[in-house]
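Below: one structure in structure tokens.
The values are calculated or read from the model by the stated rules, or taken from the named source; none is laboratory data. Here the structure is a predicted model, which means the values were calculated and not measured. Backbone-built Cβ (ideal geometry, glycine too); neighbour counts: all protein chains shown. The accessibility values were calculated without ligands, DNA or RNA, using every heavy atom of the protein model including side chains. Shrake-Rupley method; radii C 1.70, N 1.55, O 1.52, S 1.80 Å.
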Amino acid sequence: SKLLDQLKQDGRGDPLLHDLQGNSILNQTADAAKSAVVISQLSGCIVRDTGSCTVSIDDEQYLIVFAKSAQIGWYLIDYLPMTDILRPITAINRFFYVSLGVLVIAGLAAILLLYRNVQLPIRDLLAGVQRIKRGDYTIREVPQIRNEFDYLSNQFNEMTREIQQLIERVLVEEIRSRDATVRQLQAQINPHFLYNSLSFIVNAAKMEEHESVIAMAHSLARFYRYTTRTD
């Protein structure tokens, strides 16, 4: 009994000795009732010198472990509730699934942050570049987050603003240059046209072509009336 008590020092199990003839030796703190139930089910459990089996005691599964002593011919038997045996495994499984859940949540959070902080700004910049490629220089990016993409968005806005101003200045200068060229050509053409028209009228008058003189004078009057309109 003292030796069996030493086996029970870890606080688990309830070791006993049995000879299959109805003789048993229990440890000093054994649960006699439960040990009796275990002994009553040994006949169908012990079929070899060493091994284990499971039995149901009070609607609870127990693992019975046994080993036969070659010296005395008795069996050393110990039994434990399956819940005590499986508790570490259950705890490990629970820890594994909890850890897996935490990792999945952390992974999803990382994906969302990556999508929000990287993918969306890149997509917006690409859309802005495509609009610039189509000739729309009024596009402006709205910074969403304060990081490197915020700096890129500001630089993109500044670039498009400068390009738009440059294009507007070039267009204005082209229009002014075209107007100046037209005015210069008009300044050159109008005197020659007037001189030629007057010369035609003089020559037609000398040739006494009165109808031609009258028609040319009316046409010249209508022309200058048209060119001097303010609208």
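Can you tell me which residues in the stretch 7-17 are open to solvent by 20 Å² or more (accessible area, probe 1.4 Å), of a type outside the set (Asp, Glu) and at pLDDT below 80?
Leu7, Lys8, Gln9, Gly11, Arg12
Next up: Report, by residue number, each residue of the stretch 40-74 that is touching a helix residue (DSSP H, G or I) at 6+ places or on another chain (Cβ under 6 Å) and open to solvent by 50 Å² or more (accessible area, probe 1.4 Å).
Scanning the stretch 40-74 gives a single hit, Gln61.
When the residues of the stretch 22-39 are narrowed to those that are at pLDDT 80 or above and among the polar types (S, T, N, Q), which ends up surrounded by the fewest Cβ atoms within 10 Å (Cβ to Cβ)?
Residue satisfying both the conditions and the ranking: Asn23.
Here is a further query. Being surrounded by 10 or more Cβ atoms within 10 Å (Cβ to Cβ), modelled with pLDDT of 80 or more and either of a type in the set (Val, Ile, Thr) or in a helix (DSSP H, G or I) (or both) narrows it down to one residue among Ile189, Ile175; which is it?
Ile175
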